[in-house]
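Presented below is the structure to which this report refers.
The values are calculated or read from the model by the stated rules, or taken from the named source; none is laboratory data. Since we're looking at a predicted model, the values are computed, not measured. Cβ: placed from backbone, ideal geometry, glycine included. Neighbour counts: every protein chain shown. We work out accessible area using only protein heavy atoms, side chains counted, and drop any ligands, DNA or RNA first. Shrake-Rupley method; radii C 1.70, N 1.55, O 1.52, S 1.80 Å.
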Amino acid sequence: MLVQKTGFKTMSQFDVLFEPLNINKLTIRNRIVSTAHAEVYATDGGMTTDRYVKYYEEKAKGGCGLCICGGSSVVSIDSPQSWWSSVNLSTDRIIPHFQNLADAVHKHGGKIMIQITHMGRRSRWDGENWPNLMSPSGIREPVHRATCKTIEEEEIWRVIGDFAQAARRAKEGGLDGVELSAVHQHMIDQFWSPRVNKRTDKWGGSFENRMRFGMEVLKAVREEVGPDFVVGLRITGDEFHPDGLNHDDMKEIAAYYNATGQIDYFGVVGSGCDTHNTLANVIPNMSYPPEPFLHLAAGIKEVVDVPVIHAQNIKDPNQAKRIVEAGYVDFVGMTRAHIADPHLIAKIKMDQVDQIRQCVGANYCIDRQYMGLDVLCIQNAATSREYMGLPHIIEKTAGPVRKVVVVGGGPGGLEAARVAAERGHNVTLIEKGEELGGQLTLAAKAPQRDQIAGITRWLVMELERLGVDIRLGTAADAGLVRELNPDVCVLATGGRPFIDQNPEWGAEEGLITASWDILSGKVEPGKNILIYDTICEFSGMSTADYAAAKGSLVELVTDDIKPGVGIGGTTFPTYYRSLYEKEVIMTSDFMLEKVYREGDSLVAVLENEYTGQREERVVDQVVVENGIRPNEELYYELKEESRNKGQIDNDALFDIKPQPVLLESASESGDGMILWRLGDCVSQRNVHAAMYDALRLCKDL
Amino acid sequence: MIFEWLHPLLIAAALALAVIGAVRRISLWRAGQPAEQSISLIAGLLTIPKRYFHDLHDIVERDKYMAKTHVAAGGGFVLSAVLIIVVHLFGIESKILAWGLLAALALMFVGGLMVAKRRQNPPSRISKGPWMRLPKSLLSFAGAFFVLTLPAAGVLPEGTGGWILTIVLTALIIWGMGEMFFGMTWGGPMKHAFAGALHLAFHRRQERFGGGRSTGLKPVDLGQDILGVSKPTDFKWNQLLGFDACVQCGRCEAMCPAFAAGQPLNPKKLIQDMVVGLAGGTDANYAGSPYPGKDVGSAKGGPTQIITEGLVDPETLWSCTTCRACVEECPMMIEHVDAIVDMRRFLTMEKGNTPNKGAEVLDNIIATDNPNGYAPASRTNWAADQNLAVMKDVKEADVLFWVSDGAFDMRSQRILRSFVKLLKAANVDFAVLGDEELDSGDVARRLGDDAAFQSLAKRNIEIMSQYKFKRIVTTDPHAYHCLRNEYADFGGDLFKNVEVLHHTTFLNELVQQGKLKLDTFSGGTVTYHDPCYLGRYNGEYEAPRELLRSLGIEVAEMERSGFRSRCCGGGGGAPITDIPGERRIADMRMEDVNTTGAELVAVGCQQCTAMLEGVVEPRPEVKDIAEILADQLIEEVH
Ligand SMILES: Cc1cc2nc3c(=O)[nH]c(=O)nc-3n(C[C@H](O)[C@H](O)[C@H](O)COP(=O)(O)O)c2cc1C
Ligand code: SF4
Ligand code: SF4
Ligand code: SF4
């Protein structure tokens, strides 16, 4: 016997996240915040233009409670904004742009504030206005290789005034508040920290003196904006430097500022940020456990009586709920979580938690940011491209329903299948292997890199939900494609290791091993191995880490300037921690010239790029990571019989317009299927590139 | 004919016995409680013909064949009975009267034949048993009196026929009069005519006649010794009269969703059990479908015996969704829902026996003023980002938006948000009560806790009375029903100048006035599910459909739609009392939807949305009309 379903309102398990809370007089609709991050979208001299507005509007539409935008937005002209296209609050020109931004977010019930700062020594001087960088005591900052002058009293007061003016501009622009950055070693916390503040005047030395600059900024800002406008302060919970501010110092500072009654909330971040190694803590990548620094934020909460916000590796609604429920902090920052899926909150509300595209901590976003490139998500190509018309929610087609065959189950193929299925087409996905994921599956084998498989997991769950016909263990040939007789065939067949580029390496003779074969477990790593890595990104480092973890003695050799040089600022440190600890030898500037066998061993002949000097290494295994060559045979076999001869119209593609062939009737362009290829089967790029192409090609299918 | 005196004597005897039976029967009814509304005897009786030909006939008319049958058999009989008395009992000699009588009898005879035909392959909903002999009784009565009247009409000479004919005729007349006169008041099938006619006159809801609608439950007088109905005599006398009017046609049974789902409820059987109760006895003679899963024959009761101890299992009462499909369908205008809730009131308020989650829900209502025990202060959490005007601040607005308990439920919040979006787009001056709003009390009332309901109603009214507004609009048909039809009993002046509207009615008005600009809808086929508390309870069938039409949607109607809509299973606290059946009502409703090929079911109720979305996928999408409209809203760019 069935029991009548209780359709009556059941208590939602996430209710605590949806309890509104006030910051000052401002009601935030839920407990989830997108914390300040430098988006690198403020073009036109630091203005929040269309792309910027649409990026935040999407988060607000998706239900985010509070967005703190404009990470590291500058208040003064001598804190350069152009390196990271940060928002420029040093001019009134920003005010109308803010109005657009505020309207767009408010329209969807969200609130928006901006982080304002003077970066002090944490910047670069060799561009824009070519300023002398300033800091309390002129001590160089290593991450940006920033030398600087000692700031003078007159300049101090000018910067304080600039803060107040910037806050006024935010207020006049209709934003809901400002966050003063006293974190990541910007001007305010440069004054705080005895590590870099060696002054002996009233701006340094004693606790009160070190606090003075921040207090004067706060006073000036508060005077300018009045009591009701939100002013928050973002601080570190512990600089993690023996000579820096520790957790007790930070509690003291927080309590001191809290006592003014002028701070409406505290944002807390674990770790300082002025060395490569501490910087990695700040935006913890996938090698970190969940919420590694929550205890620091909870410690600050103990000493303040206004709401506390904390972000750092909180990715999952259950985790967020647990944190809020336990009362560690009042608001949970889910910043990268929103970069990966701006509709996170809406999906919680729609009871679609399984459909949330969860951030995997690949840190593609932040690593691009550190290179001054626009922030993009490795797995969500629509993020920040809303203004171009790339959708997060894909609508069903109103046109014909097509039969779509996708060959290859790597990220590009999976995304193509997902988007086509969301459009309502009948999709078949064919994968040669027994597992989906393509190179992501290999990437996930390395120590501390397993979470990258989250990209695959989400895509596969979506395909299952959408009813895509998935055929594993099936190698597609031209015959099979013809038999399936698709309207559209998307090839995403990937590539194969390019280890035969130099015949002297002896790939033919079986002298060398591809990095893939080590990671996949097909070949056991030897006892004493040399890994030659020309790519200098994740694959070589991961192979070295993997082999070392299995007990191999590893030398990682590259012809580039340093191993892993292609990996961004928050990720190479975690590799280095792991590789140095396992005593991997890292050698740069050497080319692999030749490999030959000598008895049971292999001899690798290396040549220094700059001196031509040769060295030999006797090892029992030589592993080569030299990128891949595309698997393009099937493409060339099908190309001629396809309607579009396999061609993709780049004008349309780059403009995010439908491919012209989709708009033509079959009679105009001949019959036969439409054939596209994307991802590494065209040329080696990365996960984002493959998924971006898949999305922009298939969104108009 | 010989024994000239015999037939008048028989007629007189039958009539005398009928009168005795009538007195007895009336005294059974009068053992019930006085009615709320007293109606004078004469005035009442005078209303019968009009009500028969209009109100009752309108319902019977839904089955054209049966309507004609009833006019022939019933009309023929009433006319014949009068003329038989005149011609045969009083012996008035008039050819015209005799011919009139012949015509009436012929009509009745034809009616009898039609009844006979209907009974040849009767649908399962119709009771068998004594009802199967009724066509024969009708034919005997009409046939025998026809022959008996022929001499009076001058067709046959006086004194025609001999012994044999006389004996045969006499036997048939005894049989016919036994059924038609004696049986009418002593409990045969013809009882329906007697009780039915009086029920028309003394119906508890007089407002229903002349096309009116009366659906609000009557309040319990909380000062009484026993709250609710424990034994048949606790019913109002006219409710008892109503039960006796049942013709066991089973139309209610055919419409009842709980019956169809195999839950232990059959509204027809329930009414028959009430008859057993009021007269005393057992259900052994009941010849219709049982309560699903329960045997017939062991139910016993009497006028002063506790109903739920032997006559009706409480599970039967808790299976009802209060959808009113039975009431809507009943040709005798019997009020099943009133009876069911009356008995629930006793179980809940006197016994504390609300099953499953029921007790917990009622405790929640008492502690937190909402059925799910949410912190009252969290009622406006959903609207933290909506910038809604709150009555406490603004004191006055054109429209009071009654948010209802959907405020606590994430799915329902989407409906609320959509509605707010539309209100804002149309520049409506509206405000909400915010945390001052309490649960409407709908669930408490349907679960029989009238004390909790009355307390909520009074407090809500008190809160609302502090503010000025012209209309109350709500997206929740259950709250709508309470506010519109039930609060007035406690409301004093509040509702005199205030109109209560369902959001679909209100939105339709906005669309008609051109205040909302909407794009045409381009999705697939759409059907519409009429929520019981909007449709049958409040007669609003058209506004939702008109709204859908305004989007260019041609509604693919389900067979059961409009006043015949099938309940989603979510009303009356049924999901809370959760009585097991063989199927789920929501699944059956989704099957109805599927027969239309719809990809989207439009609804106008959060509860229906929840129930229908509870059906396992794949199934059509479920959206409230407010959501569909909001999706198509063309927003002005400022
Ligand atoms: C691309 C990117 C840029 C960031 N820039 C800033 C910044 O300018 N100022 C700042 O205070 N935090 C910055 N952050 C740190 C975030 O505010 C946040 O603390 C961090 O991402 C950890 O939270 P999450 O795990 O929810 O992403 C940045 C983070 C990202 C991903
Ligand atoms: S790029 Fe990676 S770390 Fe950044 S948001 Fe996307 S999944 Fe998360
Ligand atoms: S209650 Fe009404 S509908 Fe039901 S069987 Fe009796 S007369 Fe028919
Ligand atoms: S109200 Fe609905 S569920 Fe209850 S008895 Fe009548 S038809 Fe059945």
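Dipole of segment A:437-553 (Lys/Arg Cβ +1, Asp/Glu Cβ -1, origin at the Cα centre): which of A:W505, A:L530, A:A444 lies farthest to the positive side?
A:A444
With Cβ to Cβ distances under 12 Å as the rule, what net charge do the other residues near A:N363 carry (K, R +1; D, E -1)?
Details: positive: A:R336, A:R368, A:R449; negative: A:D367.
Summing Lys and Arg as +1 and Asp and Glu as -1 gives +2.
Accessible area of A:T91, 1.4 Å probe, to the nearest 10 Å²?
40 Å²
What are the ³J(HN,Hα) values, in whole Hz, obtained from phi via the Karplus relation 6.51 cos²θ - 1.76 cosθ + 1.60 with θ = phi - 60°, for each residue of segment A:457-462 in sequence order, with x given for Gly and Pro?
After applying 6.51 cos²θ - 1.76 cosθ + 1.60, I find 4, 5, 4, 5, 4, 5 Hz.
Quick one: Karplus J couplings for segment B:442-453, per residue in order, coefficients 6.51, -1.76, 1.60, θ = phi - 60°, nearest Hz, x for Gly and Pro?
Rounded to whole hertz, the list is 3, 5, 4, 5, 5, 7, x, 8, 5, 5, 5, 4.
Rounded, prolate or oblate for segment A:19-388? Axes are the square roots of the Cα gyration tensor eigenvalues, ordered a ≥ b ≥ c, and the cut-off for rounded is a/c under 1.5. Intermediate results must be reported in sequence, preceding the final value.
On the way: a/c = 1.42, a/b = 1.29, b/c = 1.10.
It comes out rounded by the Cα gyration axes.
Can you tell me the orientation of helix A:50-61 relative to chain A, as the angle in degrees between its alpha-carbon axis and the longest Cα principal axis, to the nearest 10?
90 degrees
Let me confirm one metric for peptide B:377-387, namely the mean number of other chain beta-carbon atoms within 10 Å of its residues' beta-carbons.
Numbers: counts 1, 4, 0, 2, 8, 4, 4, 12, 13, 2, 3.
Average per residue, whole number: 5.
Can you give me the accessible area per residue for segment B:6-201, using a 1.4 Å probe, in Å²? Could the numbers behind the result be given before it?
Working: 9460 Å² over 196 residues.
Per residue, segment B:6-201 has 48 Å² of solvent-accessible surface.
Over the Cα atoms of segment B:374-638, what is the Rg over Rh ratio if Rh follows Kirkwood? Present the calculation step by step, with values, prior to reporting the outcome.
Details: Rg = 17.9 Å, Rh = 18.8 Å.
Ratio of gyration radius to Kirkwood radius: 0.95.
Compute the relative contact order of chain A as a whole-number percentage, counting only Cα pairs closer than 8 Å that sit 6 or more residues apart in sequence. Provide the component values of the computation, followed by the final result.
Details: 1627 pairs, mean separation 72.5, N = 701.
Worked out over chain A, it gives 10 percent.
Can you give the local net charge around A:W203? Use residues other than it whose beta-carbon is closer than 9 angstrom to its beta-carbon, Lys and Arg +1, Asp and Glu -1. Write out the running numbers ahead of the final one.
Values: positive: A:R199, A:K202, A:R210, A:R212; negative: A:E153, A:D201.
Summing Lys and Arg as +1 and Asp and Glu as -1 gives +2.
For each cysteine in chain B, check whether another cysteine's C-beta sits under 4.7 Å from its C-beta; list those where none does.
B:C246, B:C249, B:C256, B:C320, B:C330, B:C482
With each label point set 7 Å from Cα along the Cα-Cβ vector, what nm distance links B:S522 and A:D655?
Placing both labels 7 Å along Cα→Cβ, they lie 2.0 nm apart.
By the scheme Lys and Arg +1, Asp and Glu -1, what is the net charge of all other residues having a beta-carbon under 14 Å from that of A:H688? Show your work: numbers first, answer last.
On the way: positive: A:R357, A:R368, A:R385, A:R685, A:R696; negative: A:D367, A:D374, A:E415, A:E537, A:D680, A:D693.
In short, -1.
Roughly how many Å² is the accessible area per residue of segment A:19-388, as a whole number, for a 1.4 Å probe?
Values: 11410 Å² over 370 residues.
About 31 Å² of surface per residue is accessible.
Determine the share of chain A's accessible area contributed by carbon and sulfur atoms, expressed in whole percent, with a 1.4 angstrom probe. Display every interim value, and only then the final one.
Working: 12380 of 25730 Å².
Using a 1.4 Å probe with all protein chains present, chain A comes out at 48 percent carbon and sulfur.
Beta carbons within 10 angstrom, averaged per residue: use that to sort the peptides B:75-82, B:37-44, highest first. Could you put the intermediate results ahead of the total?
Numbers: B:75-82: 19.6, B:37-44: 10.8.
Ranking, from highest mean packing down: B:75-82, B:37-44.
Counting helices only, and only those DSSP H runs with n ≥ 4, report the 222 nm mean residue ellipticity of chain B as the sum of -39,500 (n - 2.57) divided by its residues, in deg cm²/dmol to the nearest 500. Present the calculation step by step, with values, prior to reporting the outcome.
On the way: 30 runs with 287 residues, N = 638.
So the helix-based figure for chain B works out to -13000 deg cm²/dmol.
Interface A/B, total buried accessible area with a 1.4 Å probe, nearest 100 Å²?
Values: alone 27050 and 25740 Å², together 50140 Å².
Interface area, both chains combined: 2700 Å², rounded to the nearest 100.
Give me the one-decimal nm value for the distance between modelled label points at A:Y256 and A:Q99, 7 Å along each residue's Cα-to-Cβ direction.
That separation, rounded to one decimal, is 4.1 nm.
Considering only protein heavy atoms, with the full assembly of protein chains and a 1.4 angstrom probe, order B:R30, B:R417, B:R484 by accessible area, largest first. Walk me through the intermediate numbers first.
On the way: B:R30 135, B:R417 55, B:R484 105 Å².
Descending accessible area places them as B:R30, B:R484, B:R417.
Does anyone have the angle between helix B:410-425 and the longest principal axis of chain B? Alpha-carbon axes, 0 to 90°, nearest 10?
Long axis of B:410-425 versus the principal axis of chain B: about 80 degrees.
Run through segment A:70-110 and list the chymotrypsin sites (Phe, Trp or Tyr not before Pro) located in a DSSP loop whose Cβ has at most 11 other Cβ atoms within 10 Å. Write down the numbers at each step before the final one.
Working: sites: A:W83, A:W84, A:F98; in loops: none.
Qualifying residues, ordered by number: none.
Multiplying the sequence separation of A:E302 and A:D600 by 0.36 nm and subtracting their Cα-Cα distance, what value in nm do you get?
On the way: separation 298, 0.36 × 298 = 107.28 nm, distance 6.41 nm.
Difference between extended and current length: 100.9 nm.
Please go through the residue pairs A:K25/A:K349; B:K64/B:K128; B:K191/B:K294; A:K550/A:K594 and name each one whose alpha carbons sit more than 23 Å apart in this structure.
Pairs exceeding the cut-off: A:K25/A:K349; B:K191/B:K294; A:K550/A:K594.
Considering the options A:G267, A:A326, A:A254, tell which one lies farthest towards the positive end of the dipole of segment A:213-328, charges being +1 on Lys and Arg and -1 on Asp and Glu at the Cβ, about the Cα centre.
A:A326
Let's test the formula: R0 of 60 Å, r as the Cβ-Cβ distance of A:S520 and B:D221. What FRET efficiency results, to the nearest 0.05? Don't jump to the answer; show the numbers that get you there.
Working: r = 81 Å, r/R0 = 1.35.
With a Förster radius of 60 Å, E is 0.15.
Taking accessible area as the heavy-atom solvent-accessible surface of the protein chains with a 1.4 Å probe, which residues of segment A:15-39 lose no less than 10 Å² upon going from the isolated chain to the full protein assembly?
Residues passing the criterion (a loss of at least 10 Å², heavy atoms only) are A:D15, A:F18, A:E19, A:P20, A:T27, A:R29.
Using the structure shown, select from B:K468/B:K515; B:K392/B:K424; A:K315/A:K396; A:K432/A:K639; A:K107/B:K395; B:K392/B:K470 the pairs with a Cα to Cα distance greater than 18 angstrom.
Values: B:K468/B:K515 23 Å; B:K392/B:K424 20 Å; A:K315/A:K396 29 Å; A:K432/A:K639 20 Å; A:K107/B:K395 25 Å; B:K392/B:K470 16 Å.
The pairs that break the limit, which is 18 Å between Cα atoms, are B:K468/B:K515; B:K392/B:K424; A:K315/A:K396; A:K432/A:K639; A:K107/B:K395.
Quick query: amide H of B:K128 versus all other amide H atoms, modeled in the peptide plane; which residues come in under 5 Å with a sequence gap of 5 or more or a different chain?
For B:K128, the qualifying residues are B:A287, B:G288.
Can you list residues from other chains, or at least 5 along the same chain, whose modelled amide H is less than 5 Å from the amide H of A:R677?
A:L491
Rounded to the nearest 20 debye, what is the charge dipole size of segment A:82-192 about its Cα centre when +1 sits on each Lys and Arg Cβ and -1 on each Asp and Glu Cβ?
Values: 13 positive and 14 negative charges, 55 e Å.
Its charge dipole is roughly 260 debye.
On average, how much accessible surface per residue is there in segment B:484-581, in Å², for a 1.4 Å probe, leaving out ligands, DNA and RNA?
Numbers: 3560 Å² over 98 residues.
About 36 Å² of surface per residue is accessible.
Can you tell me how the protein assembly as shown classifies by the Cα gyration tensor, rounded, prolate or oblate, using a/c under 1.5 as the rounded cut?
Numbers: a/c = 3.20, a/b = 2.12, b/c = 1.51.
Prolate shape, in that a/c is at least 1.5 and a/b is the bigger ratio.
Can you give me the long-range amide H partners of A:E179? Hydrogens built in the peptide plane at 1.01 Å from N, cutoff under 5 Å, separation of 5 or more residues or another chain.
A:I114, A:Q115, A:I116, A:G232
Can you figure out the FRET efficiency of A:E152 with A:E609, using R₀ = 51 Å and their beta-carbon distance, to the nearest 0.05?
Details: r = 46 Å, r/R0 = 0.91.
After rounding, the FRET efficiency stands at 0.65.
Determine the alpha carbon to alpha carbon distance for each of A:K54/B:K517; B:K117/B:K269; A:K171/A:K198; B:K357/B:K458 and list only those over 30 Å.
Working: A:K54/B:K517 24 Å; B:K117/B:K269 24 Å; A:K171/A:K198 35 Å; B:K357/B:K458 25 Å.
Table pairs above 30 Å Cα-Cα are A:K171/A:K198.
Under 12 Å from a point placed 7 Å out from the Cα of A:R496 along the Cα-to-Cβ direction: which residues of segment A:604-639 have their backbone N that close?
Only A:629-634 fall inside the zone, counting backbone N under 12 Å.
Would chain A count as rounded, prolate or oblate if I go by the C-alpha gyration tensor, calling it rounded below 1.5 in a/c and otherwise prolate when a/b exceeds b/c, oblate otherwise? Walk me through the numbers before you get to the answer.
On the way: a/c = 1.94, a/b = 1.32, b/c = 1.48.
Because a/c hits 1.5 or more and a/b fails to exceed b/c, chain A counts as oblate.
For B:256-265, what's the mean count of beta carbons from other chains sitting within 10 Å of each residue's beta carbon? Could the numbers behind the result be given before it?
Numbers: counts 0, 0, 1, 0, 0, 2, 2, 2, 0, 0.
The per-residue average across the peptide is 1.
So what is the calculated 222 nm ellipticity per residue for chain A, using -39500 (n - 2.57) for each DSSP H run with n of 4 or more, over all residues, to the nearest 500 deg cm²/dmol? Don't jump to the answer; show the numbers that get you there.
Values: 25 runs with 228 residues, N = 701.
That comes out to -9000 deg cm²/dmol.
Within a 10 angstrom radius of each residue's Cβ in A:231-244, how many Cβ atoms of other chains show up on average? Whole number is fine.
Working: counts 0, 0, 0, 0, 0, 0, 0, 0, 0, 0, 0, 0, 0, 0.
For this peptide, the per-residue mean of nearby foreign Cβ atoms is 0.
State, to one decimal in nm, how far the label point of B:T595 lies from the label point of A:D671, with both points 7 Å from Cα in the Cβ direction.
4.2 nm
Please give every one of the aspartates and glutamates within straight-line cross-link reach of B:K95, meaning a C-alpha to C-alpha distance under 17 Å, and leave out same-chain neighbours fewer than 8 residues apart.
Within the straight-line cut-off, B:K95 pairs with B:E158.
When the Karplus curve 6.51 cos²θ - 1.76 cosθ + 1.60 is applied with θ = phi - 60°, which whole-Hz ³J(HN,Hα) does each residue of segment B:460-476 get, with x for Gly and Pro?
Coupling constants for segment B:460-476: 4, 5, 4, 5, 5, 5, 6, 10, 10, 7, 9, 9, 10, 10, 9, 8, 10 Hz.
Can you compute the FRET efficiency between A:D248 and B:D493 using 1/(1 + (r/R0)^6), with r the Cβ-Cβ distance and R0 = 56 Å? Round to the nearest 0.05. Intermediate values should be presented prior to the final figure.
Working: r = 66 Å, r/R0 = 1.18.
FRET efficiency, A:D248 to B:D493: 0.25.
At a 1.4 Å probe, what is the % contribution of carbon and sulfur to the accessible area of chain B?
Details: 13960 of 24410 Å².
Whole-percent figure for carbon plus sulfur exposure: 57.
Using alpha-carbon pairs under 8 Å, 6+ residues apart, how would you state the relative contact order of chain B in percent? Mind showing how you got there, number by number?
On the way: 1115 pairs, mean separation 79.4, N = 638.
Over chain B, the number comes to 12 percent.
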